[in-house]
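Below is one structure, written out as structure tokens, with a few remarks after it.
The values are calculated or read from the model by the stated rules, or taken from the named source; none is laboratory data. All figures in this text were calculated on a predicted structure; none of them were measured in a lab. Cβ: placed from backbone, ideal geometry, glycine included. Neighbour counts: every protein chain shown.
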Amino acid sequence: MKTITRQLGVGLLLSLAASSGIAERRATLEEVIVTAQKKAESLQDTPISLDTFGSADLEAKGIHNVEDLRSNVPNLQITPHPNSAATARIFIRGIGNSDDQITQDPSVAVYLDGVYLARSQGLVMDVADVERIEVLRGPQGTLYGRNATGGAINTITAKPDLEALGFSQTLTGGSRDLRRSRTMLNAPLADNLALRLAYLTMEQDGFIENLGTEVDNFGDRDRSAWRGDLLWDVNADLELRYTFDRSNIDDAPAYVVPVALHPEQGERPKAGDAAVCDVRYNKVVSSGHSLSAEWQLSDYTSLRSITAFRELENFQNQDYGTGLRGPFAFFKNYRDTEQEQWSQELQLLGDLPAQNLSYIVGLYLFDEEGKSNSETRTPRDTRFNRERIDNQAVAVFGQGTWSPARFDSRLHLTLGARWSKDEREAFLNKTTAPADASDGESRGKISFTDFSPSLVAAYDLSEQTNVYGKIVRGYKTGGFNTRASSFDSFDRGFDEETLLSYEAGVKSELWDQRLRVNAAVFRSDYDDIQINVQSDPSDPSRTDVLNAGKATVEGAELELTVLPLPGLEVVAKYGYLNGRYDEVKEADGDDIADIFRYPHAPQHSYTLDLEYLFPPTPIGDVSVSVGYSWQDEKYSSSTIDSGRYIIDNYGLLNARLSLANIPLPKGNLRVAAWGKNLEDREYYIAHFDLRVLNGAIFGEPRSYGLDITYDF
């Protein structure tokens, strides 16, 4: 039945396209501009495997934050941490970090307008005024202040417009009492000064009722976001931009459903256990100030500065297994986290036309402080942890591209490098009620230096086709493990992990710019992997992080965009991954790789999107889009019993019907009806292993809604 539904949806769309008359609609693919290499350039000229979503894509796909990218980018996995769904665990090409400790850095770097967001807590925050999101696959340290082994996600917001007054209002209503409002105002204040303001708020009920006390439903959402953006063109050579953003998340925790393990599949419940009590809302407040300057030093040289300060407040709580052993929580966790960071980045960009050389060099400074207090209750005892961090980092990076004239400037050789130094301090205090012999406190201090080079060779086979090959070294700093089995283990910390990535790709536009084919194949040799090894089989809260792993990840990405008929656009994306541990050594030196599985790396994943724009009508422009995303089964844990911690394959069918450019005396009005997970597929998005409790978090059921947008 599900296959028939998909076939009918696609068949209906194709038949509509074939039977409609030809109108004044797009006949060639639009150029896609990205800033992945710190300058505006065509996607087709960028030797990186990346996905990009402009404002129209974000609206059509209902992408409001990083979490919504989950089913839209092959070889990208985003799962919520069981302690808090507002904490995102991000994996690109199988590289990521499953933990949420403030003493550990993520393997995928997330940026907001070039500002690094250091903590995974609160990453699912909504941003009030997004222009574009870029997902870069593979190590990106050469041009980014903070290196990461997996990749980077850049959220770019819309700049104020100096020319015209602008206004936009979007209202959304939908299933489970969904209510979303987004308001934007752009106001030129003078010839060279403009202000852009945005406000967003949303509420939606969760899909699992809480039969106990406190929250109404597990997964209830209550979020808001503000943004202020001031742009000042000081003169013809200098531009200043100040931004302030704030995001509030007041979500109820997700329900961790006790389930049987693979190959069995649990059912999505409608309600939790009546014994659940005192489940409080997770509260996350993330805010930041940013001042950027663009100074044109000459016709071919510019200097860019990004100064930023950010704060994070995060309260999270979770109830695991209440009702399984009477009215008591099997495992209950509360945590309060506060963090603040300051960063300064300088970039010098230039061109030497006579030498066919372009370059960028940069300096990055980063300082971070944070503290976290947690309480963990079990039937056996109650544990209290106090943690503090104090981290500093400095990096110098640069990249140059030479296009020698003897090859008609069709060959492009790029050499890049990044030197970095990280200094990390951490404090840990543990107490237990009743008292435990392992109670006490400890401090650790470690530092790391790293040199990460990159080499890229690209060649333009024609004006429409180019190929490239690259070798890049990735690095992620070491840290500390607050769940260590002993204070000695905490003091020692763990070392950095590295990755050497080999990639080859092709980017082409064919068929009179009606077909775009971008493809990449890669191999990543992953070394000194920071692996959590469970120290006490009876206690999942005690683990040691060892630089015990070596792994190989091989894969490919393919993206096809085609305009087969006037008004019809088809986009197909495919990702392939083959990850395996080559070596995992315990503290005593024994190799136990055979009992580990490579997690968060489905072998196959793809998306298929079809959009058809009908010929113009007197009442506006009608378009219909159908999207289907599918991913293979994947291991959700790398631990000893991970052979059964498998999330089965699943596919999601979405659709949208839109009427735009509705005739009005002034401005533009558009209305869209949409549906997500139309087949109401039941699927897991995360697992949680408590040894005697095998838990899962379910993805959202079928939902639908209506968007109304007016702007001018």
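Below, the figures for the structure above:
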quantity: Residues within the stretch 276-323 that are crowded, with 21+ Cβ neighbours inside 10 Å, within 30 Å of Val234 (Cα to Cα) and more than 27 Å from the chain's Cα centre (by Cα), tallied; calculated: 0
quantity: Hey, Glu30 within 24 Å of Ser168 (Cβ to Cβ), touching a residue at least 40 places away in the same chain (Cβ under 8 Å) and not polar (S, T, N, Q) or not; calculated: no
quantity: Matching residues in the stretch 236-283 - criterion: being under 19 Å from Asp336 (Cβ atoms), in contact with a Lys or Arg (Cβ under 8 Å, 6 or more places away or on another chain) and among the β-branched types (Val, Ile, Thr); calculated: Ile249
quantity: Flag if Val257 is under 17 Å from Phe207 (Cα atoms) and either of a type in the set (A, V, I, L, M) or touching a residue at least 12 places away in the same chain (Cβ under 8 Å) (or both); calculated: yes
quantity: Within the stretch 560-609, tally of residues that are more than 24 Å from Asp99 (Cβ to Cβ) and aliphatic (A, V, I, L, M); calculated: 9
quantity: Check on Ala271, of a type outside the set (D, E, K, R), modelled with pLDDT of 90 or more, surrounded by fewer than 16 Cβ atoms within 10 Å (Cβ to Cβ) and over 28 Å from Gly321 (Cα atoms); calculated: no
quantity: Qualifying position, being in contact with a strand residue (DSSP E or B) (Cβ under 6 Å, 6 or more places away or on another chain), surrounded by 14 or more Cβ atoms within 10 Å (Cβ to Cβ), modelled with pLDDT under 95 and of a type outside the set (Lys, Arg), among Thr376, Thr401; calculated: Thr376
quantity: Lone qualifier among Phe490, Phe522 - being more than 25 Å from Glu31 (Cβ to Cβ), touching a Phe, Trp or Tyr at 6+ places or on another chain (Cβ under 7 Å) and modelled with pLDDT of 95 or more; calculated: Phe522
quantity: Residue tally, condition basic (Lys, Arg), within 30 Å of Asn466 (Cα to Cα) and without any contact (Cβ under 8 Å) to a residue 24 or more places away in the chain, over the stretch 365-422; calculated: 1
quantity: Residue match in the stretch 95-116 (condition: surrounded by 20 or more Cβ atoms within 10 Å (Cβ to Cβ), closer than 30 Å to Lys666 by Cα and of a type outside the set (Phe, Trp, Tyr)); calculated: no
quantity: Unique match (being in contact (Cβ under 8 Å) with a residue 24 or more places away in the chain, of a type in the set (S, T, N, Q) and over 27 Å from Pro74 (Cβ atoms)) among Ser107, Ser120, Ser175, Ser181; calculated: Ser175
quantity: Qualifying position, being closer than 30 Å to Gly695 by Cβ and of a type in the set (Phe, Trp, Tyr), among Phe331, Phe309; calculated: Phe331
quantity: Every residue from the stretch 444-464 that is modelled with pLDDT under 95, in a strand (DSSP E or B) and over 18 Å from Thr498 (Cα atoms); calculated: Gly444
quantity: Residue check for Val506: part of a strand (DSSP E or B) and surrounded by fewer than 19 Cβ atoms within 10 Å (Cβ to Cβ); calculated: yes
quantity: Failed item, numbered, when Arg70 is tested on (1) farther than 19 Å from Ser637 by Cβ; (2) surrounded by fewer than 22 Cβ atoms within 10 Å (Cβ to Cβ); (3) among the charged types (D, E, K, R); calculated: (1)
quantity: Test for Asn466: is it out of contact with any helix residue (DSSP H, G or I) (no Cβ under 6 Å at 6 or more places or on another chain), farther than 29 Å from Gly362 by Cα and surrounded by 13 or more Cβ atoms within 10 Å (Cβ to Cβ); calculated: no
quantity: Residues of the stretch 343-373 satisfying the condition of being out of contact with any strand residue (DSSP E or B) (no Cβ under 6 Å at 6 or more places or on another chain) and of a type in the set (Gly, Ala, Ser); calculated: Ala354
quantity: Candidate set: the stretch 29-83, residues that are part of a loop (DSSP other than H, G, I, E, B) and of a type in the set (Lys, Arg); chosen: the one farthest from Asp126 (Cα to Cα); calculated: Lys39
quantity: Test: residue in the stretch 352-368 that is out of contact with any Asp or Glu (no Cβ under 8 Å at 6 or more places or on another chain), of a type in the set (Val, Ile, Thr), in a strand (DSSP E or B) and more than 20 Å from Ile102 (Cβ to Cβ); calculated: yes
quantity: Selection within the stretch 84-94 - over 17 Å from Ser71 (Cα atoms) and either at pLDDT 90 or above or assigned to a loop (DSSP other than H, G, I, E, B) (or both); calculated: none
quantity: Pick from the stretch 149-165, criterion of a type outside the set (A, V, I, L, M), assigned to a loop (DSSP other than H, G, I, E, B) and closer than 26 Å to Lys61 by Cβ, ranking: farthest from the chain's Cα centre (by Cα); calculated: Asp161
quantity: Members of the stretch 128-148 that are in a loop (DSSP other than H, G, I, E, B) and either charged (D, E, K, R) or at pLDDT below 80 (or both); calculated: Asp129, Tyr144, Gly145, Arg146, Asn147
quantity: Sole residue being closer than 30 Å to Phe331 by Cβ, aliphatic (A, V, I, L, M) and buried (at least 20 other Cβ atoms within 10 Å of the Cβ), chosen from Leu499, Leu546; calculated: Leu546
quantity: Criterion (in contact with a helix residue (DSSP H, G or I) (Cβ under 8 Å, 6 or more places away or on another chain) and in contact (Cβ under 8 Å) with a residue 40 or more places away in the chain) met by exactly one of Gly321, Gly362; calculated: Gly362
quantity: Filter result for Asp191 (more than 30 Å from Pro106 (Cβ to Cβ) and surrounded by fewer than 18 Cβ atoms within 10 Å (Cβ to Cβ)); calculated: yes
quantity: Residues (part of a strand (DSSP E or B) and either basic (Lys, Arg) or more than 24 Å from the chain's Cα centre (by Cα) (or both)) located in the stretch 185-208; calculated: Leu185, Asn186, Ala187, Pro188, Leu189, Ala190, Leu193, Ala194, Leu195, Arg196, Leu197, Ile208
quantity: Enumeration of residues in the stretch 653-712 that are within 24 Å of the chain's Cα centre (by Cα) and of a type in the set (Lys, Arg); calculated: Arg656, Lys676, Arg681, Arg702
quantity: Filtered residue count, the stretch 128-145, keeping only those that are crowded, with 22+ Cβ neighbours inside 10 Å and either in contact with a Pro (Cβ under 6 Å, 6 or more places away or on another chain) or aliphatic (A, V, I, L, M) (or both); calculated: 5
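To keep it simple, each residue is scored yes or no on (1) among the charged types (D, E, K, R); (2) free of Cβ contacts under 8 Å to residues at least 60 places away in the same chain.
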residue	(1), (2)
Asp191	yes, yes
Ala194	no, yes
Trp226	no, no
Thr243	no, no
Ile249	no, no
Leu261	no, no
